[in-house]
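Have a look at the structure below before the remarks.
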Amino acid sequence: MILEYQIKVETYSGYKADEYPVRFWIAEERLEVLEIEDRWYSPGFTYFKVFTDDARHYLLKWSTDNDRWTAKEVK
């Protein structure tokens, strides 16, 4: 079973606000985003497949309508 966690995210803001995630927290664990492997958009959501400093891959989903982030570990 793959769990989806609601997370806190710190983002980089360049030419637009909240351009991409740079780190996030699952409970008390802080994870640094080392690489954004993929990014795609759908109505109301932005998705990021990231590789983190714990050597895992996560799918981050940002609900742009309510500014809510979730994460789940992926292969």
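The values are calculated or read from the model by the stated rules, or taken from the named source; none is laboratory data. Every value quoted in this text rests on a predicted model; they were computed, and no experiment measured them. Counting neighbours? That spans all protein chains shown, and the Cβs are built from the backbone with ideal geometry, glycine included.
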ask   = Looking at region 30-69, which of the residues that are of a type in the set (Gly, Ala, Ser) and part of a strand (DSSP E or B) is surrounded by the fewest Cβ atoms within 10 Å (Cβ to Cβ)?
value = Ser42
note = Conditions (1) touching an Asp or Glu at 6+ places or on another chain (Cβ under 8 Å); (2) modelled with pLDDT of 95 or more; (3) not in a strand (DSSP E or B) -> Arg23 fails only (3)
note = By residue number, the members of region 1-32 that are of a type in the set (A, V, I, L, M) and either farther than 14 Å from Lys72 by Cα or out of contact with any Phe, Trp or Tyr (no Cβ under 9 Å at 6 or more places or on another chain) (or both) are Met1, Ile2, Leu3, Ala17, Val22
key: Residue count, region 1-11 (criterion: modelled with pLDDT of 95 or more and surrounded by 14 or more Cβ atoms within 10 Å (Cβ to Cβ))   = 3
request  = For residues that are in contact with a strand residue (DSSP E or B) (Cβ under 9 Å, 6 or more places away or on another chain) and within 17 Å of Glu4 (Cβ to Cβ), tally how many sit in region 41-75.
outcome  = 24
